[in-house]
Amino acid sequence: MARTMEKQFTRGNLISIVTTVLTGATMLVAVATAFNRIDAKATHNKDNVARIEADFLVRFANLSAQAAQTRNEITSLQVSSARTIAQYDALIKSLDEMKATLRDITMTLREQESKRR
């Protein structure tokens with residue numbers, strides 16, 4: 001029986017064992033390669049997320065600065081508008097006073113003219 005066992009370990013069996021070992025090694029390399037690719041993609045995606053976040057923060061800071069500048073410009077325009085309204089009101093008041101003075105002068109001139117006649 002010992003001789004029959006020795007005969008079963010033939011060249012075909014050896015080729016089959018070597019093929020199985022090589023297939024297993026190939027699968028191990030394939031799994032390791034796939035893992036490395038997945039890891040590289042994950043790293044690449046992480047870098048992309050960091051870049052997108054940085055870009056977002058820069059844009060947000062720019063928008064915040066523009067919003068602050070716009071608020072300042074609105075406040076400035078409101079102040080300028082209030083000053084213009086005040087100046088316009090003062091001008092109207094001055095014109096009304098000038099009209100009243102011109103009426104007084106006109107009345108005085110008419111009185112003096114009627115006295116001369």
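Here are some notes:
- Estimated FRET transfer efficiency when R0 is 41 angstrom, pair Arg103-Leu77 (beta carbons, to 0.05): 0.60
- Across all directions, the shadow cast by the convex hull of the chain built on its C-alpha atoms averages 14.2 square nanometres.
- Rg ratio for the range 13-75: its Cα radius of gyration over 2.2 N^0.38 Å, N being its residue count, equals 2.53.
- Candidate aspartates and glutamates - alpha carbon under 18 Å from Lys115, same-chain residues fewer than 8 apart omitted: Asp104
- Neighbourhood net charge (15 Å Cβ-Cβ; Lys/Arg +1, Asp/Glu -1) for Leu91: 0
- Its DSSP H runs of at least 4 residues, each contributing -39,500 (n - 2.57), put the calculated 222 nm mean residue ellipticity of the chain at -36500 deg cm²/dmol, to the nearest 500.
- Looking at the chain, the accessible area is 95 square angstrom per residue; that uses a 1.4 Å probe and ignores ligands, DNA and RNA.
- Whole-percent carbon and sulfur share, accessible surface of the chain, 1.4 Å: 63 percent
- Lys/Arg +1, Asp/Glu -1 at C-beta; the range 8-106 dipole; positive extreme among Phe56, Thr19, Ala68: Thr19
- For Glu113 and Asp89, the FRET efficiency from 1/(1 + (r/R0)^6), where r spans their Cβ atoms and R0 equals 30 Å, is about 0.25.
- Placing a pseudo-label 7 Å from each Cα along the Cα-to-Cβ vector at Phe35 and Asn62 gives an inter-label distance of 4.3 nm.
The values are calculated or read from the model by the stated rules, or taken from the named source; none is laboratory data. Predicted model, so just to flag it, every value in this text is computed and none were measured. Here the Cβ is made from the backbone with ideal geometry for all residues, glycine too, and neighbour counts use every protein chain on show. The area values use the complete protein model at the heavy-atom level, side chains included, leaving out ligands, DNA and RNA. Shrake-Rupley method; radii C 1.70, N 1.55, O 1.52, S 1.80 Å.
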